[in-house]
Every structure is written in structure tokens, then in C-alpha cells.
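S.K.: Following this message is one structure expressed as C-alpha cells.
The values are calculated or read from the model by the stated rules, or taken from the named source; none is laboratory data. Quick caveat: nothing in here was measured; it's all calculated off a predicted structure. Neighbour counts are summed over all protein chains in view; Cβ atoms, including those assigned to glycine, are modelled from backbone coordinates with ideal geometry. We work out accessible area using only protein heavy atoms, side chains counted, and drop any ligands, DNA or RNA first. Shrake-Rupley method; radii C 1.70, N 1.55, O 1.52, S 1.80 Å.
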Amino acid sequence: YDEERLIKISEKKISDSIEQYNHPHNDYLNGLSKEGIIGLISILICHISFFLYFFRRIHSYSSPDDVAVACAGLSLPLLFACFGLTDTHITSNRTIVMYFYLGIFLMSMLPKKEFLEEKIPNARPSHQ
């Protein structure tokens, strides 16, 4: 990205006013310009996988506390996806670690038993 930008500035194909900017201030454009289609797909998979995990569980729980945790988990990828439109948050290692730790923490707060019983009605824990 940087090399191509500098070449186009030197050839006067783009304005030299953008020389001070070293990234496109958008997670999706940044991933696409630096890593290609694989980079863009990777970012989208990160957001979509968390979104689907929590979305499928919002109506599966009867406890208001569990629904609140599922809603908090659902807001995580939605907010990061929106924030990614205006800046490159996913390029920082600290942000990536915080994103995944928070998502996994919220996943671990949701009870698994109630969700599994709804999907598999005769599932009972085995006592040994």
C-alpha cells in the first residue's frame, strides 16, 4: 500500500496532500489493500462468527441475565464492525486480544445446558 501510494504521488497521479496518511482509516479497506481479499474475508469472518454465535442464543434463554449477556455479546461485533468504518482498530495487537478475550469471556458466561436442551430435547447429563 505504502509503496504504491508513493509511486502514484511521484507520478502525479494522485495529490501529494495524502502523503501524510499511511493507512486508509477503515478496517475493511486496510485489510483489502494490505492483505487482499483474504484480509477482508478474515475481518468479516471474525465479526460474523461472534455475531451469529450470540444472535442464535438471544431467544434461547429464559433468564433475563442470560439474555443480557447474549445482547452484550451481540453488541461486541456490531460495534467493532461500525468502528471499523472510520478507523483501523483491528491492526493493533492489543485491540485484537481485547476483542477476542471479551467475546470468549461473554461466551463463557452463557449457560450451555439450557441451550443444548432446547436443541436436543432428550439430552440429559450422564451421572457416573
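S.K.: Give the residues of the range 46-67 that are without any contact (Cβ under 8 Å) to a residue 40 or more places away in the chain and closer than 14 Å to residue 103 by Cα, sorted by residue number.
M.R.: 47, 48, 49, 51, 52, 55
S.K.: Give the residue, chosen from 45, 96, that is within 27 Å of residue 26 (Cα to Cα), modelled with pLDDT of 90 or more and open to solvent by 70 Å² or more (accessible area, probe 1.4 Å).
M.R.: 45
S.K.: Taking the condition at pLDDT below 90 and either under 30 Å from residue 4 (Cβ atoms) or touching a helix residue (DSSP H, G or I) at 6+ places or on another chain (Cβ under 9 Å) (or both), does residue 121 pass?
M.R.: no
S.K.: Please go through the range 54-69 and pick out each residue that is of a type in the set (Ser, Thr, Tyr) and either within 24 Å of residue 91 (Cβ to Cβ) or loosely packed, with under 14 Cβ neighbours inside 10 Å (or both). Show your work before the answer.
M.R.: Our first condition is that a residue be of a type in the set (Ser, Thr, Tyr); within the range 54-69, this holds for 60-63.
Within the range 54-69, 62, 63 meet the criteria.
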